[in-house]
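Colleague: Before we start, here is the structure in question, set down as C-alpha cells.
Values in this text are rule-based calculations from the coordinates and carry no lab data. The model shown is predicted, which means the values in this text are computed figures rather than measured ones. Neighbour counts are summed over all protein chains in view; Cβ atoms, including those assigned to glycine, are modelled from backbone coordinates with ideal geometry.
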Amino acid sequence: MRNLFKLVAIGIFAGIVLAAFMKTIHLLTGNQAYILLFNMDYIPFLNAFRPLTIIGLTFHFLFCIVSVVALFFILKTIHLERRISTYLIVYTGGAAVLFFLTALTEKPPAVTDVLAWFYWTIGHAMYSLIVGYLIKYWL
C-alpha cells in the first residue's frame, strides 16, 4: 500500500513538472503544445463536462497517476520496473505518437506543427526520466 501511495505521488509530481515545462514553453515561445496537454475534444463523453479547465486538469493528473501505476505493475511482471530506460522509451515514444491526436480536434496545435511535436516529446521525455528515477531510487 505504501508503494501505491508513492506511485500516486510520483505521477502527481511528474505531472506538475510536465505541465510547468509545457506552460513555460508556451509563455516563452507562444507555441501552443501546452493546450494539447489538457485537450479532451477527441474523447466523446469527457468533452461534454464543464468547466473545461477543471476537467482538463483532472484528466491530465488522473492520466499521469494511472499511467505511472499501470506501467509500473506491467513492467513488474517482466522485471523491468526499475529500468529508467524502459520508462523513457514507453512514455516518450507514446507521447510522440499520441501528439497526432491533435488531428482529431480543431484546437491548437496543428498536427503539422513540428516545434509543438518537439516540445511535446521533450516534455514527456522529462516526465519519463522523473518517473523512472523516482521509481528506481525512491520506491
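Colleague: Using the count of nearby Cβ atoms within 10 Å as a rough guide to exposure, how do 71, 139 rank from fewest to most?
Modeller: On the way: 71 22, 139 14.
Ascending number of Cβ neighbours within 10 Å: 139, 71.
Colleague: Most exposed first by the Cβ proxy, i.e. fewest other Cβ within 10 Å, how do 23, 6 rank? Show your work: numbers first, answer last.
Modeller: Values: 23 12, 6 16.
By the 10 Å Cβ count, ascending, the order reads 23, 6.
Colleague: What Kirkwood radius, in Å to one decimal, follows from the Cα pairs of the chain? Mind dumping the intermediate values first?
Modeller: Numbers: mean 1/r = 0.0648 Å⁻¹.
With all distinct Cα pairs of the chain included, I get 15.4 Å.
Colleague: Let me ask another. Enumerate lysine pairs in the chain that are 8 or more residues apart or on different chains, then count those whose Cα atoms are under 27 Å apart. Write out the running numbers ahead of the final one.
Modeller: Values: 6/23; 6/76; 6/136; 23/107; 76/136.
Summing the qualifying lysine pairs gives 5.
Colleague: Let me ask you something else. Evaluate the relative contact order of the chain (contact order divided by residue number), counting alpha-carbon pairs under 8 angstrom at least 6 apart; express in whole percent. Before the final figure, lay out each step's value.
Modeller: Numbers: 154 pairs, mean separation 52.0, N = 139.
RCO, the chain: 37 percent.
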